[in-house]
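Report on the following structure.
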Amino acid sequence: MSAYVMESEGETRRLLEQARALPVRGHLLNTGLAPGMAALDAGCGPGLITAVMADVVGPGGSVVGLDSSDKRLAEARSLCSGLKQCRFVQADVRKTELPANAFDYVWSQFVFEYLPAPEEGLAELLRVTRPGGRVVVADVDGPGDLGWPFPEELREGIQKLAAAAKAAAGVDVQVGRKMFHLFRRAGLSQIRVHLAPLYVVAGAADARQMEDWATRFKALEPIAAPAFGSLAAYQEFARRYLAMLGDPDTLKYSVLLITEGQKQ
């Protein structure tokens with residue numbers, strides 16, 4: 001996996017708030033997670049989704065939270081300390097070293113955008129899923145350039161930022177649309193794709209959303225500044241983008257694509 005370019009002092013808080021803002025339980029239930037299952041949260045981060053998964057599967061099921069970051073795993077273990085059906089392992093999603101055919105349900109959210117070769121990650125998730133089990137990948141589709149009115153210079157700027165992240169760290173903010181094709185090529189059956197909002201901001205963004213974007217912009221400074229010609233030019237772009245997010249007369253939205261399929 002590429003180095004995690006979003007790491008910062010505020011990243012744990014941003015990840016937790018982002019997870020809380022999404023209807024994660026509904027997405028899990030809608031894609032097949034059920035009581036009694038053995039489940040994997042591949043790329044669990046600070047563990048909020050792992051805890052929701054544990055609640056769904058109940059005491060008769062089990063959930064493994066997997067992440068490559070020892071810091072995130074420590075946070076996840078603390079958050080899930082009262083859930084006996086949870087355990088955590090440190091590993092790359094492309095090489096988990098977990099047993100083959102071990103899980104009924106495998107979930108991975110906001111991980112594949114960081115994989116330079118996402119087919120490798122999907123192959124590993126398939127390996128650890130039992131025949132008849134389900135693999136689910138939820139990820140972004142777009143850099144944050146949807147809405148109206150949306151000044152063209154800001155649209156070009158956010159696309160420039162996405163291109164810089166891809167060139168420097170392999171981050172692909174359009175990976176969501178690519179997963180259906182990858183699922184097909186990997187031989188999964190009963191593939192379904194769900195389109196859901198990552199966020200919809202009709203009017204001024206709230207404090208959480210503003211902080212989320214400010215944290216992203218700050219973390220990406222080392223990658224973005226050269227693409228914009230200078231740190232000052234990038235910071236000016238970020239300031240103007242945040243001002244647009246806070247504009248009460250604009251609509252801003254982003255898309256989450258959830259792809260699920262069954263292992264043959």
## Note on the structure
Exception for residue 216 within (1) surrounded by fewer than 15 Cβ atoms within 10 Å (Cβ to Cβ); (2) modelled with pLDDT under 95 falls at (1)
### Task
Filter region 18-36 down to residues that are part of a helix (DSSP H, G or I), of a type outside the set (A, V, I, L, M) and surrounded by 18 or more Cβ atoms within 10 Å (Cβ to Cβ) and give me whichever is nearest to the chain's Cα centre (by Cα).
18
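For region 228-239, give me the residue count where each residue is of a type in the set (D, E, K, R) and loosely packed, with under 13 Cβ neighbours inside 10 Å.
The total comes to 1.
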### Message
I need every pair where a residue in region 135-154 that is on the phi < 0 side of the Ramachandran plot and at pLDDT 95 or above has its Cβ under 7 Å from the Cβ of a residue that is assigned to a strand (DSSP E or B) and among the aromatic types (Phe, Trp, Tyr), sequence separation at least 6 or different chains.
### Response
136/107; 146/253
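Enumerate the strands (runs of 3 or more DSSP E) found wholly within region 69-146, keeping only those where 2 or more residues are among the basic types (Lys, Arg). Steps first, please.
Details: elements: 86-90, 103-109, 129-140.
So the answer is 129-140.
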### Task
Provide a single number: the residues in region 40-65 that are in contact with a Gly (Cβ under 7 Å, 6 or more places away or on another chain) and either within 18 Å of residue 111 (Cα to Cα) or acidic (Asp, Glu) (or both).
5
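Report, by residue number, each residue of region 110-134 that is in contact with an Asp or Glu (Cβ under 7 Å, 6 or more places away or on another chain) and closer than 20 Å to residue 32 by Cβ. I'd like the intermediate steps shown before the answer.
The first filter runs over region 110-134 and keeps only residues in contact with an Asp or Glu (Cβ under 7 Å, 6 or more places away or on another chain), leaving 110, 112-113, 130, 133-134.
Within region 110-134, 110, 112, 130, 133, 134 meet the criteria.
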### Residues that are under 27 Å from residue 149 (Cβ atoms) and touching an Asp or Glu at 6+ places or on another chain (Cβ under 9 Å), drawn from region 216-264
228, 234, 235, 237, 238, 240, 254, 255, 256, 257
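Quick one: how many residues across region 154-205 are of a type in the set (Asp, Glu), surrounded by 14 or more Cβ atoms within 10 Å (Cβ to Cβ) and either over 17 Å from the mean Cα position of the chain (by Cα) or part of a helix (DSSP H, G or I) (or both)?
Let us first name the residues in region 154-205 that are of a type in the set (Asp, Glu), namely 156, 172.
Adding the requirement that they be surrounded by 14 or more Cβ atoms within 10 Å (Cβ to Cβ) leaves 172.
The next check asks that each one be either over 17 Å from the mean Cα position of the chain (by Cα) or part of a helix (DSSP H, G or I) (or both); those that pass are none.
Residues meeting the conditions: 0.
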### Summary
Sole miss for residue 159 among (1) touching a residue at least 40 places away in the same chain (Cβ under 8 Å); (2) farther than 18 Å from residue 185 by Cβ is condition (1)
### Query
Here are some residues: 66, 48. Which one is closer than 17 Å to residue 102 by Cβ and either in contact (Cβ under 8 Å) with a residue 40 or more places away in the chain or surrounded by 20 or more Cβ atoms within 10 Å (Cβ to Cβ) (or both)?
66
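The values are calculated or read from the model by the stated rules, or taken from the named source; none is laboratory data. Nothing here was measured: the structure is a model prediction, and the numbers come from that model. Backbone-built Cβ (ideal geometry, glycine too); neighbour counts: all protein chains shown.
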